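The next block holds one structure in the form of structure tokens; read it before the comments.
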Amino acid sequence: MAQITLIEAVTQALAYEIRRDPSVIVLGEDVGVNGGVFRATAGLHALFGSDRILDTPLDETTIAGLAVGMAFQGMRPVAEAQFDGFIYPMIDHIACHATRMRNRTRGRVTCPMVLRAPWGGGIRAPEHHSEAPEAMFAHLPGLRVVIPSSPSRAYGLLLAAIRDPDPVIFFEPKRIYRQYKEEVPDDGEALPLDVCFVIRDGSDVTLVTWGAHVKESLEAADKLAAEGISVEVIDVATIKPLDFDTIHESVKKTGRCVIVHEAARTCGVGAEIAAQLAEKAMFDLLAPVERVTGYDVPMPLFRLEMKYLPSTEKIVAAARNTLRYR
Amino acid sequence: MNTPSPVATFQIEYVQYLDADGKPTRKDLPEFAQDGAQLVDLYQRMSFLRVFDAKAVALQRTGKLGTYASCLGHEAAHVGIGAAMRPEDVFCPMYREYGVQFYRGVKPRDVLMYWGGDERGSDFDGPQHDLPWCVPIATQCLHAAGAALAFKLRKEPRVAVSVVGDGGSSKTDFYGAINSAGAYALPYIGVIVNNQWAISVPRSAQTGALTLAQKGIAGGIDCIQADGNDIIAVVAVMQAAIAKARAGNGGCVVELVTYRLADHTTADDARRYREEDEVKSAWLREPLLRLRRYLESRQLWSEQLETDWKAQCGLEVDTEVNAYLETKPQPVEAMFDYLFAELPHDLREQRAQALRWENR
């Protein structure tokens, strides 16, 4: 079986669903003959043609509005925002309509759509190409927000997102699009959209993260292991609805929690996780919760971006801070 | 320098059959308008709409309805759009097109429920694929274009119709819709009900364009302007645009020129920003009077029929109002139970909390 990258897993999932369900339509800028600027839809136009893989006029509002309108009429559009930083004009249609229509009409009209976008920094890209806006979407009622961190989870979670009867935002960590390959059977097996994945067992500290920073979190766990510190790493994967129980179970065991995300700190998803720890896990905690995040500044241009992003070193330091409490 | 030569020329046509006095302005009346029964039916629907609208405003003034957006003055535009559509077509309204919706089977009680603060109003009777009222301006245009794209991809002979006002035609969503309609040759009709006022901002302040219809040129689709107070013109242009779109020959921008005789909503007071004289003169051009005069000239309507019909409308509206007033509010858990197909685990806790407060 072929080994594939995260972005190839996205393509594989799209192709599987397009074949399986005639109502699935892919639309976006440059997704057609060109196969997407990151190649997420490479080869799909040749396989499925212009009735399934639609290039759109160059307007993000149009992409979002068309996708929402198609979904209201029973199609399953998978729309692409070419970059995370271009997603803001789309929020009107997501916040005002996609997330509300089922509720607004008491179940009469629904919106089974997926909005995909390459997400996050670290690829030396121009401005507006490196954003992490997951908290903005997680704050909207009526929406699922998903960020995979491996080829197999990208495949299984994207299948689940497309099959979900309600709208899903699917952020793809572009920094690890091609970081490594793994075997991903094209078996159509979806993963659940409401669980966190424990990707490394440990007993001293829990690292909670998502997206590309799974990489640095695992590296930090290795470094700490060399010092005899046992680190559990959780890939949140589905940001909303948040599987707090899995995080809580881990913290019951470790008593320490470090949350790592590249988005700005204030009102980031880490704040929600920390708040739930304070509400439900206070007596399980041995140390204050630590957050390793981006700063509350715009993502800098790329000469400084690695200084903005959480690094392995910063994660190790935060974990050590929690270990000062015994 | 060489003399520039035109690379493309455009013309915007205007359609009117009846003038403000109900006198035909042209001899070639469309086929449906030669049938007296059809014209009487249109008149009765417009008249019913006006009775309903007055009642809704009265309900708001007496505290029995929330903010309400009146359709006074728009009756020909709204009923005419409804008459030209088929049930399988999709209608994407803004928030005052009750005349279209009644034609399609939405009940007055549904409208009252919506403005009365109850989501069940948007779970209305009529075509289940029609969209509910859309408060954010012009976003429904792209939803209609998306519906039209779905029809085209599924090869269904259906048409999507959206309505915006003159103000709504300034929005990026409106331009996105007509641009996509041109790019994909969609069966999409973007109707602009130009009632001259976007709350307090007049039509002249929205755009420098001579007509709003001409915006269709930018999208590469047909465009036409009609007298939106003349229902014969409205039905004629809508029927033609819809037939062309249904046949796979592309969409159209239809500008219906009318006048908002009421305040923007019951929360507005138009006396703050527009002259009494302008409204008075607009009343001389309003849509019901001219059709009534025309019907009377053809011996299709009379004072007696008018009195009888108004009384019947009053009774029907009362029945609907009573049905609305007698409907009990939804249980508290309703705010959770329709958000997702299946309630996610994080909301179960909040739903239970809401129920605990309710049952204290």
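Every number here is computed from the coordinates shown, using simple stated rules; none is lab data. This structure is a prediction, so every number in the text was calculated from the model and none was measured. Quick reminder, even Gly has a Cβ in these numbers, built from the backbone with ideal geometry, and neighbours come from all protein chains shown.
Apply 1/(1 + (r/R0)^6) to the Cβ-Cβ distance of B:R348 and A:R265, taking R0 = 41 Å, and write down the FRET efficiency to the nearest 0.05. Don't skip to the answer; put the middle values down first.
Details: r = 30 Å, r/R0 = 0.72.
Efficiency at R0 = 41 Å is approximately 0.90.
Ignoring lysines fewer than eight residues from B:K328 along the same chain, the ones with Cα atoms less than 22 angstrom from its Cα are B:K55, B:K64, B:K107.
Hey, can you rank A:106-119, A:131-144, B:298-311 by average C-beta count inside 10 Å, highest first?
Working: A:106-119: 23.6, A:131-144: 21.1, B:298-311: 12.8.
Ranked from most to least packed, the peptides come out as A:106-119, A:131-144, B:298-311.
Please state, as a whole number in µm²/s, the translational diffusion coefficient that the Stokes-Einstein equation yields for segment A:3-183 at 25 °C and 0.890 mPa s, with Rh defined as the Kirkwood radius across alpha carbon pairs. Using the Kirkwood radius from Cα pairs, D works out to 154 µm²/s. Remark: mean inter-chain Cβ contacts per residue of B:134-143 equal 5, using a 10 Å Cβ-Cβ cutoff to other protein chain atoms.
Once you order the gyration tensor axes a ≥ b ≥ c over the Cα atoms, which shape class does segment A:36-104 get: rounded for a/c under 1.5, otherwise prolate or oblate by comparing a/b with b/c? Write down the numbers at each step before the final one.
Values: a/c = 2.55, a/b = 1.44, b/c = 1.77.
Since a/c reaches 1.5 but b/c is at least a/b, the shape of segment A:36-104 is classed as oblate.
Mind running the shape call on chain A? Use the C-alpha gyration tensor, a ≥ b ≥ c as the square roots of the eigenvalues: rounded below 1.5 for a/c, prolate if a/b tops b/c, oblate otherwise. Taking the square roots of the gyration eigenvalues as a ≥ b ≥ c, chain A is prolate. Near A:R291, the amide H atoms lying under 5 Å from its own belong to A:I259; only residues 5 or more places off or on other chains count, and H is placed 1.01 Å from N.
Hey, which of these cross-link pairs are over 30 Å Cα-Cα: A:K280/A:K314; A:K174/A:K280; A:K223/A:K252; A:K215/A:K240? Walk me through the numbers before you get to the answer.
Working: A:K280/A:K314 27 Å; A:K174/A:K280 34 Å; A:K223/A:K252 23 Å; A:K215/A:K240 21 Å.
Pairs exceeding 30 Å: A:K174/A:K280.
Helix A:60-72 and the longest principal axis of the C-alpha atoms of chain A enclose an angle of approximately 80°.
With a ≥ b ≥ c taken as the square roots of the eigenvalues of the C-alpha gyration tensor of segment B:1-77, please select rounded if a/c is under 1.5 and otherwise prolate if a/b is larger than b/c or oblate if it is not?
On the way: a/c = 4.28, a/b = 1.64, b/c = 2.61.
Because a/c hits 1.5 or more and a/b fails to exceed b/c, segment B:1-77 counts as oblate.
Here's how it looks for A:C111: its modeled amide H is under 5 Å from those of A:R102, which are all 5 or more places away or on a different chain. Peptide packing: for B:316-326, B:134-144, the average count of neighbouring Cβ atoms within 10 Å per residue gives the ranking B:134-144, B:316-326, highest mean first.
In order along segment A:284-292, the Karplus-derived 3J(HN,Hα) couplings, from 6.51 cos²θ - 1.76 cosθ + 1.60 at θ = phi - 60°, round to 8, 7, 9, 9, x, 5, 9, 10, 10 Hz, and Gly and Pro are given as x. The three principal axes of the Cα atoms in chain B give end-to-end lengths of 80, 59, 43 Å, sorted in falling order. Across segment B:198-203, coupling constants 3J(HN,Hα) worked out from phi with the 6.51/-1.76/1.60 Karplus curve, θ = phi - 60°, read 9, 6, 9, 9, x, 3 Hz, and Gly and Pro carry x. Applied to segment B:344-353, the Karplus parametrisation 6.51 cos²θ - 1.76 cosθ + 1.60 on θ = phi - 60° returns per-residue 3J(HN,Hα) values of x, 4, 5, 8, 4, 5, 5, 5, 5, 5 Hz, with x for Gly and Pro. One quarter of the surface of the convex hull around the alpha-carbon atoms of the protein assembly as shown equals 37.0 nm², the direction-averaged projected area.
Would you please put A:277-283, B:251-257, A:243-249 in order of how densely packed they are, using the mean number of other Cβ atoms within 10 angstrom per residue and starting with the highest? Display every interim value, and only then the final one.
On the way: A:277-283: 13.0, B:251-257: 29.0, A:243-249: 18.3.
Averaged packing, sorted descending, gives the order B:251-257, A:243-249, A:277-283.
Amide H contacts for A:V184 (H built 1.01 Å from N in the peptide plane; partners 5 or more residues away or on another chain; cut-off under 5 Å): A:I4. Taking the Cα of B:E88, stepping 7 Å toward and past its beta carbon, and measuring to each backbone N in segment B:133-165: which are under 13 Å? Counting backbone N atoms under 13 Å from the label point, the list is B:151-152, B:154-160. When the Cα positions of A:L277, A:V258, A:A317 are compared along the charge dipole of segment A:248-326, A:A317 comes out farthest toward the positive end, with charges on each C-beta of Lys, Arg, Asp and Glu.
Suppose a student asked you for the relative contact order of chain A, using Cα pairs under 8 Å spaced at least 6 residues apart; what percent would you report? Spell out each step's value before the answer.
On the way: 732 pairs, mean separation 53.4, N = 326.
Relative contact order comes out at 16 percent.
With a Förster radius of 60 Å, plug the Cβ-Cβ distance of B:A243 and A:R324 into 1/(1 + (r/R0)^6) and report the FRET value to the nearest 0.05.
Values: r = 77 Å, r/R0 = 1.29.
My answer for the efficiency is 0.20.
Centroid-to-centroid, using Cα positions, segment A:1-60 and segment A:160-174 are 14 Å apart. Computed on segment B:14-329, with alpha-carbon pairs under 8 angstrom and 6+ residues apart, the relative contact order is 25 percent.
Can you return the lysines within cross-link range of B:K155? Criterion is Cα-Cα under 30 Å, with same-chain partners fewer than 8 residues away left out. Correct list for B:K155: B:K171, B:K215, B:K244. Where the centre of each part is set by its Cα atoms, how far does segment B:197-262 sit from segment B:51-113, in angstrom? Here the answer is 19 Å between Cα centres. Relative to the dominant Cα principal axis of chain A, helix A:213-226 is inclined by about 20°.
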